[in-house]
Amino acid sequence: MDADQIGVVEANACPNCGALDGKKLSSEALEALAHRFFVWGSLWRCRYGAAPVITFNQHQKTCIDFSPWLAPDIKLFERLLGVGFFHYGPRLWMVGEIEPLKALQKFRTRQAVIERVLSEYPTTSLRPGLIFYRIRIGPSAPAEPSQYDSPPSAFAGKNRLDSYNAPVLYGSSDLQICVHECRVTTEDEVYVATLTPKSSLRLLDLTALLKEENVTEFESLDMAVHMLFLAGKHAYKITREIAAAVRNAGFDGVVYPSYFSLLRLGAMPFQTVYGISHRRIPQYQKNEQAKAIPNLALFGRPIEAGTVAVQSINKLIISRVAYDFHFGPAAF
(Lines give C-alpha, C1' and ligand atoms only; values in the text may rest on other atoms or scores of the structure.)
Protein backbone atom coordinates (compact mmCIF):
# COMPACT_ATOMS: atom_id res chain seq x y z
CA MET A 1 0.00 0.00 0.00
CA ASP A 2 2.84 2.42 0.79
CA ALA A 3 4.57 1.51 -2.48
CA ASP A 4 1.32 2.03 -4.37
CA GLN A 5 0.97 5.55 -2.95
CA ILE A 6 4.53 6.50 -3.88
CA GLY A 7 4.77 4.69 -7.23
CA VAL A 8 3.78 5.98 -10.66
CA VAL A 9 1.98 4.31 -13.56
CA GLU A 10 4.61 3.28 -16.10
CA ALA A 11 4.05 1.18 -19.24
CA ASN A 12 7.60 -0.12 -19.46
CA ALA A 13 8.53 -3.48 -17.97
CA CYS A 14 9.72 -3.49 -14.37
CA PRO A 15 13.48 -4.14 -14.41
CA ASN A 16 13.11 -6.26 -11.27
CA CYS A 17 10.17 -8.59 -12.03
CA GLY A 18 9.33 -7.82 -15.65
CA ALA A 19 5.71 -6.77 -14.92
CA LEU A 20 4.12 -4.45 -17.46
CA ASP A 21 1.13 -3.39 -15.36
CA GLY A 22 0.94 -1.82 -11.91
CA LYS A 23 2.92 1.10 -10.54
CA LYS A 24 6.69 1.36 -10.72
CA LEU A 25 9.22 2.80 -8.28
CA SER A 26 12.28 4.74 -9.36
CA SER A 27 15.43 4.57 -7.23
CA GLU A 28 14.44 7.87 -5.60
CA ALA A 29 10.93 6.60 -4.87
CA LEU A 30 12.32 3.33 -3.52
CA GLU A 31 14.55 5.26 -1.13
CA ALA A 32 11.57 7.37 -0.06
CA LEU A 33 9.61 4.17 0.58
CA ALA A 34 12.45 2.75 2.71
CA HIS A 35 12.60 5.96 4.77
CA ARG A 36 8.83 6.10 5.20
CA PHE A 37 8.51 2.48 6.34
CA PHE A 38 11.70 1.84 8.31
CA VAL A 39 12.74 5.27 9.61
CA TRP A 40 9.47 7.13 10.15
CA GLY A 41 7.74 3.82 10.81
CA SER A 42 10.08 3.06 13.72
CA LEU A 43 9.75 6.49 15.37
CA TRP A 44 9.94 6.18 19.15
CA ARG A 45 8.29 8.94 21.19
CA CYS A 46 9.48 9.85 24.65
CA ARG A 47 8.28 12.49 27.15
CA TYR A 48 9.84 15.22 25.03
CA GLY A 49 10.96 14.63 21.47
CA ALA A 50 11.18 11.51 19.35
CA ALA A 51 13.74 9.58 17.32
CA PRO A 52 13.64 6.71 14.84
CA VAL A 53 14.94 3.36 16.04
CA ILE A 54 16.01 2.26 12.53
CA THR A 55 17.93 3.97 9.76
CA PHE A 56 19.87 2.89 6.68
CA ASN A 57 22.79 4.01 4.56
CA GLN A 58 25.29 2.75 2.01
CA HIS A 59 28.10 2.37 4.54
CA GLN A 60 26.72 -0.37 6.79
CA LYS A 61 25.29 -3.82 6.27
CA THR A 62 21.95 -4.91 7.66
CA CYS A 63 22.35 -6.07 11.26
CA ILE A 64 18.69 -6.24 12.36
CA ASP A 65 16.58 -9.39 12.54
CA PHE A 66 13.32 -8.30 10.94
CA SER A 67 10.08 -10.28 10.84
CA PRO A 68 10.22 -13.08 8.24
CA TRP A 69 7.55 -11.51 6.01
CA LEU A 70 9.89 -8.54 5.48
CA ALA A 71 12.87 -10.65 4.38
CA PRO A 72 12.18 -10.52 0.61
CA ASP A 73 11.70 -6.75 0.69
CA ILE A 74 14.84 -6.22 2.76
CA LYS A 75 16.88 -8.12 0.18
CA LEU A 76 15.30 -6.03 -2.58
CA PHE A 77 16.18 -2.75 -0.85
CA GLU A 78 19.72 -3.98 -0.18
CA ARG A 79 20.28 -5.00 -3.80
CA LEU A 80 18.67 -2.06 -5.57
CA LEU A 81 19.74 0.74 -3.22
CA GLY A 82 22.98 -0.77 -1.97
CA VAL A 83 22.06 -0.02 1.64
CA GLY A 84 21.98 -1.79 4.98
CA PHE A 85 19.52 -1.32 7.86
CA PHE A 86 20.74 -0.83 11.43
CA HIS A 87 19.68 0.57 14.79
CA TYR A 88 19.95 4.34 14.96
CA GLY A 89 21.76 6.06 17.82
CA PRO A 90 20.19 9.54 17.87
CA ARG A 91 21.83 12.74 19.02
CA LEU A 92 20.40 13.19 22.49
CA TRP A 93 18.69 16.53 21.80
CA MET A 94 16.14 14.47 19.84
CA VAL A 95 14.97 12.81 23.06
CA GLY A 96 14.78 15.98 25.14
CA GLU A 97 18.37 16.64 26.23
CA ILE A 98 18.01 20.38 25.62
CA GLU A 99 19.20 22.67 28.39
CA PRO A 100 16.31 25.23 28.33
CA LEU A 101 13.80 22.36 28.18
CA LYS A 102 15.45 20.61 31.13
CA ALA A 103 15.44 23.92 33.02
CA LEU A 104 11.72 24.35 32.36
CA GLN A 105 11.05 21.01 34.03
CA LYS A 106 12.63 22.17 37.31
CA PHE A 107 10.78 24.66 39.48
CA ARG A 108 13.89 26.54 40.63
CA THR A 109 15.19 27.15 37.09
CA ARG A 110 11.88 27.52 35.23
CA GLN A 111 11.33 31.24 35.71
CA ALA A 112 14.59 32.26 34.06
CA VAL A 113 13.65 30.39 30.88
CA ILE A 114 10.11 31.81 30.93
CA GLU A 115 11.62 35.31 31.06
CA ARG A 116 13.62 34.43 27.95
CA VAL A 117 10.42 33.29 26.24
CA LEU A 118 8.81 36.66 26.98
CA SER A 119 11.79 38.60 25.64
CA GLU A 120 12.84 36.48 22.64
CA TYR A 121 9.53 35.50 21.04
CA PRO A 122 7.84 38.10 18.81
CA THR A 123 4.64 40.00 19.44
CA THR A 124 1.81 39.82 16.91
CA SER A 125 -1.63 41.40 16.61
CA LEU A 126 -5.06 39.90 16.09
CA ARG A 127 -6.86 42.67 14.23
CA PRO A 128 -10.57 43.38 13.67
CA GLY A 129 -11.85 41.58 10.61
CA LEU A 130 -9.66 38.52 11.11
CA ILE A 131 -11.87 35.55 11.93
CA PHE A 132 -11.31 32.44 13.96
CA TYR A 133 -13.50 29.60 15.19
CA ARG A 134 -14.57 28.14 18.48
CA ILE A 135 -16.25 24.73 18.76
CA ARG A 136 -18.69 23.70 21.46
CA ILE A 137 -20.07 20.20 22.00
CA GLY A 138 -23.62 20.12 23.36
CA PRO A 139 -23.99 23.71 24.63
CA SER A 140 -27.13 24.26 26.72
CA ALA A 141 -28.19 27.24 24.59
CA PRO A 142 -26.51 26.82 21.19
CA ALA A 143 -27.60 30.19 19.73
CA GLU A 144 -26.46 32.19 22.78
CA PRO A 145 -23.12 34.02 22.11
CA SER A 146 -22.03 33.78 25.75
CA GLN A 147 -21.88 29.97 25.37
CA TYR A 148 -18.76 30.43 23.22
CA ASP A 149 -16.80 32.47 25.74
CA SER A 150 -14.17 30.92 28.04
CA PRO A 151 -15.50 28.08 30.21
CA PRO A 152 -16.74 28.72 33.76
CA SER A 153 -14.14 28.71 36.53
CA ALA A 154 -15.26 25.26 37.66
CA PHE A 155 -13.84 23.86 34.40
CA ALA A 156 -10.65 25.95 34.32
CA GLY A 157 -7.19 24.52 34.86
CA LYS A 158 -7.65 21.36 32.81
CA ASN A 159 -6.11 22.33 29.48
CA ARG A 160 -2.78 23.48 28.09
CA LEU A 161 -2.83 27.18 28.99
CA ASP A 162 -5.70 27.90 31.41
CA SER A 163 -5.42 27.87 35.20
CA TYR A 164 -7.86 28.05 38.07
CA ASN A 165 -9.34 31.58 38.12
CA ALA A 166 -7.46 32.29 34.86
CA PRO A 167 -9.86 31.20 32.09
CA VAL A 168 -8.83 31.04 28.45
CA LEU A 169 -10.87 31.17 25.25
CA TYR A 170 -9.34 28.67 22.82
CA GLY A 171 -9.84 28.96 19.08
CA SER A 172 -8.18 28.57 15.70
CA SER A 173 -8.46 29.89 12.16
CA ASP A 174 -8.22 26.24 11.02
CA LEU A 175 -11.68 24.74 11.53
CA GLN A 176 -10.47 21.15 11.07
CA ILE A 177 -7.98 21.66 13.88
CA CYS A 178 -10.82 22.94 16.09
CA VAL A 179 -12.82 19.79 15.41
CA HIS A 180 -9.89 17.50 16.16
CA GLU A 181 -8.85 19.43 19.29
CA CYS A 182 -12.37 18.91 20.67
CA ARG A 183 -12.28 15.14 20.04
CA VAL A 184 -15.66 15.26 18.29
CA THR A 185 -17.55 11.98 17.80
CA THR A 186 -20.52 11.08 15.60
CA GLU A 187 -22.87 11.16 18.59
CA ASP A 188 -22.05 14.78 19.52
CA GLU A 189 -24.20 17.82 18.83
CA VAL A 190 -21.52 20.22 17.60
CA TYR A 191 -21.76 23.98 17.12
CA VAL A 192 -19.24 26.47 15.81
CA ALA A 193 -19.01 30.18 16.45
CA THR A 194 -17.21 32.47 14.03
CA LEU A 195 -15.40 35.11 16.08
CA THR A 196 -13.51 38.33 15.37
CA PRO A 197 -11.81 40.87 17.65
CA LYS A 198 -13.47 44.26 18.06
CA SER A 199 -10.10 45.94 18.54
CA SER A 200 -6.49 44.93 17.93
CA LEU A 201 -5.35 42.30 20.45
CA ARG A 202 -1.68 41.97 21.43
CA LEU A 203 -0.47 38.37 21.46
CA LEU A 204 2.83 36.62 22.09
CA ASP A 205 3.60 34.39 19.10
CA LEU A 206 4.97 31.04 20.25
CA THR A 207 4.60 29.55 16.77
CA ALA A 208 7.60 31.55 15.56
CA LEU A 209 10.80 29.75 14.60
CA LEU A 210 13.61 31.54 16.41
CA LYS A 211 16.63 32.00 14.15
CA GLU A 212 19.24 31.63 16.85
CA GLU A 213 22.91 32.16 16.09
CA ASN A 214 25.89 30.26 17.47
CA VAL A 215 23.57 27.86 19.28
CA THR A 216 23.25 24.11 18.82
CA GLU A 217 20.06 22.14 19.38
CA PHE A 218 21.31 21.33 22.89
CA GLU A 219 21.15 25.01 23.93
CA SER A 220 18.24 26.08 21.74
CA LEU A 221 15.24 27.86 23.24
CA ASP A 222 13.48 27.37 19.89
CA MET A 223 13.84 23.59 20.12
CA ALA A 224 12.75 23.62 23.77
CA VAL A 225 9.46 25.45 23.06
CA HIS A 226 8.91 23.40 19.89
CA MET A 227 9.14 20.15 21.87
CA LEU A 228 7.10 21.54 24.74
CA PHE A 229 4.03 22.11 22.57
CA LEU A 230 4.37 18.72 20.87
CA ALA A 231 4.37 17.01 24.28
CA GLY A 232 1.33 15.56 26.04
CA LYS A 233 -0.46 16.50 29.24
CA HIS A 234 2.68 16.12 31.36
CA ALA A 235 3.83 19.45 29.83
CA TYR A 236 0.70 21.36 30.88
CA LYS A 237 2.11 22.56 34.20
CA ILE A 238 4.92 24.29 32.34
CA THR A 239 2.79 25.75 29.55
CA ARG A 240 0.28 27.10 32.10
CA GLU A 241 3.07 28.93 33.91
CA ILE A 242 4.25 30.39 30.61
CA ALA A 243 0.69 31.56 29.92
CA ALA A 244 0.43 33.11 33.38
CA ALA A 245 3.66 35.04 32.80
CA VAL A 246 2.44 36.23 29.39
CA ARG A 247 -0.83 37.39 30.95
CA ASN A 248 0.99 39.20 33.76
CA ALA A 249 3.13 40.95 31.15
CA GLY A 250 0.01 42.61 29.77
CA PHE A 251 -0.65 40.52 26.68
CA ASP A 252 -4.20 39.72 25.59
CA GLY A 253 -3.29 36.15 24.75
CA VAL A 254 -0.97 33.69 23.06
CA VAL A 255 -0.60 32.24 19.59
CA TYR A 256 0.70 28.71 20.04
CA PRO A 257 1.26 25.69 17.77
CA SER A 258 -1.47 23.09 17.80
CA TYR A 259 -0.47 19.73 19.23
CA PHE A 260 -2.02 18.25 16.08
CA SER A 261 -0.08 20.44 13.62
CA LEU A 262 2.08 17.65 12.21
CA LEU A 263 -0.83 15.21 12.08
CA ARG A 264 -2.91 17.78 10.20
CA LEU A 265 -0.12 18.25 7.63
CA GLY A 266 1.10 14.65 7.47
CA ALA A 267 4.65 15.64 8.43
CA MET A 268 7.24 13.58 10.28
CA PRO A 269 8.25 15.16 13.61
CA PHE A 270 11.81 16.25 14.38
CA GLN A 271 13.26 15.71 10.93
CA THR A 272 17.05 15.83 10.65
CA VAL A 273 19.93 15.74 8.20
CA TYR A 274 22.91 13.89 9.69
CA GLY A 275 21.41 14.52 13.13
CA ILE A 276 20.98 18.27 12.57
CA SER A 277 17.42 19.51 13.03
CA HIS A 278 15.75 20.99 9.95
CA ARG A 279 14.86 23.94 12.21
CA ARG A 280 18.57 24.78 12.39
CA ILE A 281 19.20 24.65 8.62
CA PRO A 282 18.40 28.00 6.92
CA GLN A 283 17.08 26.58 3.64
CA TYR A 284 14.56 24.41 5.56
CA GLN A 285 13.36 27.01 8.07
CA LYS A 286 10.53 28.45 5.97
CA ASN A 287 9.11 24.96 5.52
CA GLU A 288 9.53 24.18 9.22
CA GLN A 289 7.76 27.42 10.17
CA ALA A 290 4.81 26.41 7.98
CA LYS A 291 4.42 23.20 9.99
CA ALA A 292 3.14 25.12 13.04
CA ILE A 293 -0.65 25.52 12.71
CA PRO A 294 -1.54 28.42 15.00
CA ASN A 295 -4.09 28.14 17.77
CA LEU A 296 -5.33 31.12 19.77
CA ALA A 297 -5.58 31.39 23.53
CA LEU A 298 -7.24 34.64 24.66
CA PHE A 299 -7.09 35.47 28.36
CA GLY A 300 -10.14 36.13 30.51
CA ARG A 301 -13.61 36.15 28.98
CA PRO A 302 -13.22 38.30 25.87
CA ILE A 303 -16.81 37.88 24.62
CA GLU A 304 -18.20 39.03 27.97
CA ALA A 305 -15.61 41.82 28.09
CA GLY A 306 -16.59 43.01 24.61
CA THR A 307 -13.16 42.60 23.03
CA VAL A 308 -14.31 39.72 20.80
CA ALA A 309 -17.55 39.63 18.80
CA VAL A 310 -19.55 36.59 17.69
CA GLN A 311 -20.26 37.02 13.98
CA SER A 312 -22.33 33.88 13.57
CA ILE A 313 -23.19 30.54 15.16
CA ASN A 314 -23.91 27.41 13.16
CA LYS A 315 -24.48 23.76 13.79
CA LEU A 316 -21.57 21.72 12.49
CA ILE A 317 -22.37 18.48 10.68
CA ILE A 318 -19.59 15.91 10.45
CA SER A 319 -20.35 14.31 7.08
CA ARG A 320 -17.20 12.33 6.36
CA VAL A 321 -13.99 11.25 8.09
CA ALA A 322 -10.90 10.03 6.22
CA TYR A 323 -7.51 8.87 7.47
CA ASP A 324 -4.15 8.98 5.77
CA PHE A 325 -1.70 6.46 7.14
CA HIS A 326 1.39 4.50 6.35
CA PHE A 327 3.18 1.54 7.86
CA GLY A 328 6.23 0.55 9.84
CA PRO A 329 7.86 -2.66 11.05
CA ALA A 330 6.11 -4.45 13.92
CA ALA A 331 9.31 -5.75 15.50
CA PHE A 332 13.01 -5.13 15.03
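The values are calculated or read from the model by the stated rules, or taken from the named source; none is laboratory data. Since the model is a prediction, treat every value here as computed from it, not as a measurement. Quick reminder, even Gly has a Cβ in these numbers, built from the backbone with ideal geometry, and neighbours come from all protein chains shown.
Across region 20-54, what is the number of residues that are within 14 Å of Phe77 (Cα to Cα) and acidic (Asp, Glu)?
Residues meeting the conditions: 2.
Within region 19-70, which residues are of a type in the set (A, V, I, L, M), surrounded by fewer than 17 Cβ atoms within 10 Å (Cβ to Cβ) and more than 30 Å from Lys102 (Cα to Cα)?
Result: Ala19, Leu20, Ala29, Ala32.
For region 182-223, which positions are among the polar types (S, T, N, Q) and either farther than 19 Å from Glu288 by Cα or under 20 Å from the mean Cα position of the chain (by Cα) (or both)?
Hits for region 182-223 are Thr185, Thr186, Thr194, Thr196, Ser199, Ser200, Thr207, Asn214, Ser220.
Tell me, yes or no, whether region 113-133 has at least one residue that is free of Cβ contacts under 8 Å to residues at least 40 places away in the same chain and farther than 24 Å from Pro269 by Cα.
Taking region 113-133 and keeping what is free of Cβ contacts under 8 Å to residues at least 40 places away in the same chain, we get 119.
If we keep only those that are farther than 24 Å from Pro269 by Cα as well, we get 119.
Taking every residue of region 113-133 in turn, at least one turns out to be free of Cβ contacts under 8 Å to residues at least 40 places away in the same chain and farther than 24 Å from Pro269 by Cα.
Of the residues that make up region 223-244, is at least one closer than 15 Å to Ala208 by Cα and touching a strand residue (DSSP E or B) at 6+ places or on another chain (Cβ under 6 Å)?
The answer is yes, given that some residue of region 223-244 is closer than 15 Å to Ala208 by Cα and touching a strand residue (DSSP E or B) at 6+ places or on another chain (Cβ under 6 Å).
Suppose we filter Glu181, Glu120 for residues that are assigned by TED's automatic domain parsing to the domain that holds Gln289, at pLDDT below 95 and not polar (S, T, N, Q); which single one remains?
Criteria check complete, one pass: Glu181.
Take residues that are polar (S, T, N, Q) and tell me which of the strands (runs of 3 or more DSSP E) falling wholly in region 164-232 contain 2 or more.
190-197
For region 99-151, how many residues meet the condition of being in a helix (DSSP H, G or I) and of a type in the set (Val, Ile, Thr)? Write out each step before concluding.
Applying the first criterion (in a helix (DSSP H, G or I)) to region 99-151 yields 99-104, 107-120, 145-148.
Pick out the ones that are also of a type in the set (Val, Ile, Thr) and you get 109, 113-114, 117.
So the answer is 4.
Please determine whether any residue of region 93-100 is on the phi > 0 side of the Ramachandran plot and either outside the structural domain of Leu221 (by TED's automatic domain parsing) or within 25 Å of the chain's Cα centre (by Cα) (or both).
yes
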